[in-house]
Structure formats: C-alpha cells, structure tokens
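Read through the structure below, which is laid out as structure tokens, and then see the notes.
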Amino acid sequence: LVTATRALEPVSETPRLDAELLMAHGLGLSRNDMLLKARDLETPTAFDGLMARRLNHEPIAYIRGHQEFWDLVLDVTPDTLIPRGDSETLIEAAIAHFRDRPPPSRILDLGTGSGALLLASLSVFPKAEGVALDASAAALAVAKGNADRLGFDNRAIFLHRSWRDAGWADDLGSFDLILCNPPYVETGAELARQVQAYEPVSALFAGDDGLDDYRILVPQMPPLLAEHGICIFEIGRGQDRSVTQLANQAGCAVIPHRDLADIIRALSLSKSIGG
C-alpha cells in the first residue's frame, strides 16, 4: 500500500485512498475489512493489473465497476457518467422542498445515466414512482440493471429517447419532481485526463458556453410540472445567472442550492414563487 500510494501520487489527488480501494477490490473485500485484516493478508495477483489501469488515469469507479451515491451502491460503466457527491445536492434540495409539502408521487429523471438521481430519490420518497430517460441505450441498460438489483424495478420505467427530438415529452404527463444533470461543459474545455479520456463525451459537452441543453430543456419544464412541483437542474460553476435567466424567461421562479464547497451547484425551478 505504501509503494502503491507513492506510485499513484502523480495521477491522483487521493493516492492512499485509491491504493486501498484497489487492494480491497483485488482481495474481494470491503475497504474496511481489508484495513482490519491487512497484517494477515497478502497482495493479490490482480493488484498489479489494477494499478496499471489506474496509472493510465482510468477512474477507480470504472475499474471497480461501481460507485457509491447517496446510500446506494450503483454499477457504472464507461457508458455512464460516474455519479459524484456534488450531485447529491439535488436530492438534498428535493428533500428540503417537500419537507412541508405532500411527498412527490411521480418523479422524472432526464438523462439518467446510471440511474443515480432517480434511484436515490425513490429511496428517499418510498411511495413515489419514477420515469427515467436517456438517449443512450447502453446507459439505460445500466440504470435498469441497478433498479432491478436494488429492488426499484416495480417503481421505475426506463425510456430510450432524447430531449433533442421533437415530441419527446408529449406522452409523459406531469411530475411532482423533475431531476436533471445535463451536459454542461463548454466544448473544448480542458478536463482532467481521467474524465476526458474515459467518461462519455455526449454526457459532458454542451456547446461553446455549456448551455445548449439548458436552452432546449428549460422552456419545456413548465408543462411537465404538476401544480406544486419543482424541477432541479445541476449546473456548472458560474452558470447560475445564465440558467436563471432562461428559467425566468420561461416563467419559472428559481432557488439556488450550494454544494459542500459552497458553490451554487443546483437550481430549483417552479411555476411560481409559491410553487
């Protein structure tokens, strides 16, 4: 572990954690179990191969095949973005909105990827049912697999469609909660190698200013919202003013939500201030 940590320092901001996660994965143990039993264990033969992949900047989540999000462990593949803690801001915002209101009965997840936002929200709101959309059939298969494995299969529907196609929302009805983490990175932006080389490009980039998908989606949200519903968008750093302007033009009131780094990470849109 000491040697692996030193080797990973040039490619990782958390080299010791990465080394421990890879070692535990190679041993078929949880990280905690591996650390407790470390003195009695031998380095597994698979460890060198796992290290080689990480030293080539492959993300830990893809090497292990899963990622923790909220209180769930989700399968992930290079067909899906890796769920990040920043996106939990959307779930926290939903909980805050419905704290003094009846809980949502219908939830829509736009661009579901691994299913992280939908499945986390279904775990928080146990009486709700959900609909998830994604333009990638491969990503949908991952999301549906996660729903089946975690016991949400009878409460979730997965639809292969793109919001860039005309009529994509015509048959969906209205929703109490809409969640969306769209592409929002500026085309040509420099990203960390482990992101740019491995995560799906179609889920990252959205035009010269990163706002292309907000321009498509935001004006279409009011007809999809139930009377007291909200739509919560994840946004990139510094995009709050631009997306708020789009929302106001669409007749929506906006509430910002900050992540643990005190960055405005999400915006809640409602039909009115009292919505």
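Data overview
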{"item": "Heavy-atom accessible area order for D86, D165, D170, largest first, 1.4 Å probe", "result": "D170, D165, D86"}
{"item": "Span from the segment 242-256 Cα centroid across to the segment 106-152 one, whole angstrom", "result": "26"}
{"item": "Measure of compaction for segment 175-243 (Cα Rg per 2.2 N^0.38 Å)", "result": "1.24"}
{"item": "Highest-fluctuation residue, L17, L177, L140 considered, GNM on the chain with Cα pairs under 10 Å", "result": "L17"}
{"item": "Structure-derived Cα Rg over 2.2 N^0.38 Å - corresponding label in (i) 0.95; (ii) 1.42; (iii) 1.06", "result": "(iii)"}
{"item": "Rounded accessible area per residue of the chain, 1.4 Å, Å²", "result": "49"}
{"item": "Surface share of carbon and sulfur [accessible, 1.4 angstrom probe, percent] for segment 67-192", "result": "50"}
{"item": "Listed residues K37, K127 arranged by accessible area, highest first, probe 1.4 Å", "result": "K127, K37"}
{"item": "Charge dipole of segment 57-157 about the Cα centre (unit charges at C-beta), most positive-ward option of H66, P78, A147", "result": "A147"}
{"item": "Highest-first arrangement of 26-34, 70-78, where packing means the average Cβ count within 10 Å", "result": "70-78, 26-34"}
{"item": "DSSP beta bridges in the chain [antiparallel fraction, %, rounded to 5]", "result": "40"}
{"item": "Restricting segment 113-197 to GluC sites (Glu not before Pro) in coil, as DSSP defines it, with at most 11 other Cβ within 10 Å", "result": "E190"}
{"item": "Size of charge dipole - segment 37-104 - debye, nearest 20, with Cβ of Lys, Arg +1 and Asp, Glu -1, no other charges", "result": "80"}
{"item": "Reachable lysines, given that their alpha-carbon falls under 25 Å from the alpha-carbon of K271 and they are not under 8 places away in the same chain", "result": "K127"}
{"item": "Helix-only mean residue ellipticity at 222 nm for the chain, each DSSP H run of n ≥ 4 adding -39500 (n - 2.57), per residue, nearest 500", "result": "-10000 deg cm²/dmol"}
{"item": "Whichever aspartates and glutamates have a C-alpha closer than 15 Å to that of K37, once near sequence neighbours (fewer than 8 apart) are set aside", "result": "E20"}
{"item": "Stokes-Einstein D for segment 1-90, Kirkwood Rh over Cα pairs, 10 °C, 1.306 mPa s (µm²/s)", "result": "115"}
{"item": "Length-normalised contact order of segment 29-102 in % [C-alpha pairs under 8 Å, at least 6 apart]", "result": "16"}
{"item": "Relative contact order (%) - the chain, alpha-carbon pairs under 8 angstrom, separation at least six", "result": "14"}
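The values are calculated or read from the model by the stated rules, or taken from the named source; none is laboratory data. This is a predicted model, so every value here is computed, not measured. Ideal geometry is used to build each Cβ from the backbone, glycine not excepted, and the neighbour counts take in all protein chains shown. The protein model used for the area step is the full one, side chains on, heavy atoms only, and it has no ligands, DNA or RNA in it. Shrake-Rupley method; radii C 1.70, N 1.55, O 1.52, S 1.80 Å.
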